[in-house]
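S.K.: Before anything else, here's the structure in question.
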Amino acid sequence: MAQKKWDALIRGIVGFELAVEDWRPTFKLSQNKPLAAREGVAEGLEHVGGGALAALMRSG
């Protein structure tokens, strides 16, 4: 990269801190997939120890 280009880019980099004040997780568990596909994934999760996640998929 040309030095002039590098110098222009590096001036745009700044450091900052961000304080997390609230945490709201979002779960995307294939709601737009057919029931058979969701059930297949839930069964697979149960076989590998993901029972809690399988239950979440089934409840949605």
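S.K.: Assigning unit charges at the beta carbon (Lys, Arg +1; Asp, Glu -1) and nothing else, what dipole magnitude in debye, to the nearest 20, does the chain show about its Cα centre?
M.R.: 360
S.K.: Filter the chymotrypsin sites (Phe, Trp or Tyr not before Pro) in the chain down to the DSSP loop ones having no more than 11 other Cβ atoms within 10 Å, then list what survives. Mind dumping the intermediate values first?
M.R.: Working: sites: Trp6, Phe16, Trp23, Phe27; in loops: Phe16, Trp23, Phe27.
Those satisfying the criteria are Phe16, Trp23, Phe27.
S.K.: Output ³J(HN,Hα) for region 9-21: one whole-Hz value per residue in order, computed from phi by the Karplus curve 6.51 cos²θ - 1.76 cosθ + 1.60 with θ = phi - 60°, and x for Gly and Pro.
M.R.: In residue order, the calculated couplings are 5, 5, 5, x, 8, 10, x, 7, 10, 9, 8, 7, 9 Hz.
S.K.: Quickly work out the Asn32-to-Ala8 label distance, labels modelled 7 Å from Cα along the C-beta direction, and quote it in nm with one decimal.
M.R.: 3.8
S.K.: With Rg and the Kirkwood Rh both taken from Cα atoms, where does Rg over Rh land for the chain?
M.R.: 1.41
Laboratory data are not the source of any read-out in this text; all were calculated from the coordinates shown. It should be emphasised that the depicted structure is a prediction, and the values quoted were computed from it without experimental measurement. A quick note on method: Cβ atoms are made from the backbone with ideal geometry, for glycine too, and the neighbour counts reach across all protein chains shown.
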